[in-house]
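Working notes, structure below.
The values are calculated or read from the model by the stated rules, or taken from the named source; none is laboratory data. Small disclaimer: the values here were computed from a predicted structure and weren't measured. When we count neighbours, we look across all protein chains shown, and the Cβ atoms used for this are built from the backbone with ideal geometry, even at glycine. When the accessible area is computed, the model is the full protein with side chains, heavy atoms only, and any ligands, DNA or RNA have been set aside. Shrake-Rupley method; radii C 1.70, N 1.55, O 1.52, S 1.80 Å.
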Amino acid sequence: SAMQINGMDLPVEYIAFAARYRYAAGFCNLRLKEELDSFGRVLQTELAHIYTDVVELTARTAQLGAYFVCDGCYGEPGSGSAGPGAMPDIVDFTGIICFGMAGDGSPFCLDFRGARGAPSVILWDDDYWRKISNSFEDFLLLFS
């Protein structure tokens, strides 16, 4: 069955995956097969927690805009990182859905800004947003 957050349809792969971990309250603690993202760039993270229902997805997504605020450093033009897969700071989260968390609390998100039907997966990696997979399906393939 379809799941929508803020008018965006969650990928069917996400829905199936989240359903598997609902009984565990979303705790999955998945490790990367290799320390690489879908593009072959070095990545050190784990998927500790997946949010499994609309209430939690909506709440976690709402927190992004409260946490990532323009403060004279974050969100300034040209403040982007040179790290692997780096993206410009996100200041408008209307096209973003937070679906999970790494062991250190970093959010994993679906980025619908490029294509409403085909969101990519992004991660807050210490001090910058980075794209780690073109799709949720590709994202799952990174983990054992």
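General observations
- Residue pairs whose Cβ atoms lie under 6 Å apart, separated by 6 or more positions or on different chains, with the first residue in the range 91-113 and acidic (Asp, Glu) and the second outside any strand (DSSP E or B), are 111/119.
- Residues of the range 91-107 that turn out to be in contact with a Phe, Trp or Tyr (Cβ under 6 Å, 6 or more places away or on another chain) and either of a type outside the set (Ser, Thr, Tyr) or buried (at least 18 other Cβ atoms within 10 Å of the Cβ) (or both), as a count: 4
- Applying the condition of being at pLDDT below 90 and within 27 Å of residue 30 (Cβ to Cβ) to the range 59-83 and asking which residue is least open to solvent (accessible area, probe 1.4 Å) yields 83.
- Test: residue in the range 120-138 that is under 17 Å from residue 18 (Cβ atoms), buried (at least 19 other Cβ atoms within 10 Å of the Cβ), of a type outside the set (Asp, Glu) and in contact with a Gly (Cβ under 6 Å, 6 or more places away or on another chain): no
- Any hit, the range 26-38, residues being closer than 16 Å to residue 120 by Cα, in contact with an Asp or Glu (Cβ under 6 Å, 6 or more places away or on another chain), open to solvent by less than 90 Å² (accessible area, probe 1.4 Å) and modelled with pLDDT of 95 or more: yes
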